[in-house]
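Undergrad: One structure, as structure tokens, below. Some questions next.
The values are calculated or read from the model by the stated rules, or taken from the named source; none is laboratory data. Computed from a predicted model, the values in this text were never measured in an experiment. Backbone-built Cβ (ideal geometry, glycine too); neighbour counts: all protein chains shown. Note: accessible area is taken over every heavy atom of the protein model, side chains too, but ligands, DNA and RNA are not part of it. Shrake-Rupley method; radii C 1.70, N 1.55, O 1.52, S 1.80 Å.
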Amino acid sequence: RAAAAEAEQEGARLAALVDRIRAEVPRLVPDVEVIGDPVARAPHIVTFSCLYVEGEALLTELDRAGFAVSSGSSCTASTLRPSHVLEAMGVLTHGNVRVSLPRGASAADVDRFLALLPEAVRRIREEAGVRS
């Protein structure tokens, strides 16, 4: 019972952090689509796409900054095929970034992610010849 109660409390805390990412990423970064239902979702996961940004390039930038994120959807993480789930949702199937907050992730972690993301996206777009 204690473990279930702790899991529920941690899920609610992580959901609030994900809500913040869902709200702030499109505000901070132009041409971003946050994917998935804002309520009926896993509490610790958020996926978004940045137009004109290769997902793998952004993963590399974020990895250099100490963030372990994924691209695509978890159902196709070990394949090169586009996600059938993302296709069914009618969203971009390439270039997605999936952030899965681990147990214990802090508001400071989210702050640092949100502070770093806009510059990383700008740099990648600029290297691709896209001006925001």
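Undergrad: I'd like the full set of residues that are of a type in the set (A, V, I, L, M, F, W, C) and surrounded by 19 or more Cβ atoms within 10 Å (Cβ to Cβ), limited to region 111-128.
TA: PHE113, LEU117, ALA120, VAL121
Undergrad: Something else about it: Can you name the number of the only condition in (1) touching a helix residue (DSSP H, G or I) at 6+ places or on another chain (Cβ under 8 Å); (2) open to solvent by less than 60 Å² (accessible area, probe 1.4 Å); (3) under 19 Å from LEU117 (Cβ atoms); (4) at pLDDT below 95 that GLU33 fails?
TA: Result: GLU33 passes all but (2).
Undergrad: Just to verify a result, which residue in region 68-85, among those that are under 13 Å from the mean Cα position of the chain (by Cα) and open to solvent by 80 Å² or more (accessible area, probe 1.4 Å), is modelled with the lowest pLDDT?
TA: SER74
Undergrad: So, one more: Out of everything in region 52-72 that is free of Cβ contacts under 8 Å to residues at least 24 places away in the same chain and not hydroxyl-bearing (Ser, Thr, Tyr), what residue ends up being farthest from ASP111 (Cα to Cα)?
TA: GLU56
Undergrad: ALA40 - would you say it is open to solvent by 60 Å² or more (accessible area, probe 1.4 Å), at pLDDT 90 or above and closer than 19 Å to ASP109 by Cβ?
TA: For ALA40, the condition - open to solvent by 60 Å² or more (accessible area, probe 1.4 Å), at pLDDT 90 or above and closer than 19 Å to ASP109 by Cβ - is not met.
Undergrad: Condition first: surrounded by 12 or more Cβ atoms within 10 Å (Cβ to Cβ), of a type in the set (Val, Ile, Thr) and modelled with pLDDT of 90 or more. Can you find one or more residues in region 59-67 that meet it?
TA: Taking every residue of region 59-67 in turn, at least one turns out to be surrounded by 12 or more Cβ atoms within 10 Å (Cβ to Cβ), of a type in the set (Val, Ile, Thr) and modelled with pLDDT of 90 or more.
Undergrad: Here's something else I'd like to know. Looking only at region 1-30, count how many residues are open to solvent by 40 Å² or more (accessible area, probe 1.4 Å) and hydrophobic (A, V, I, L, M, F, W, C).
TA: Residues flagged as open to solvent by 40 Å² or more (accessible area, probe 1.4 Å) and hydrophobic (A, V, I, L, M, F, W, C) within region 1-30 amount to 9.
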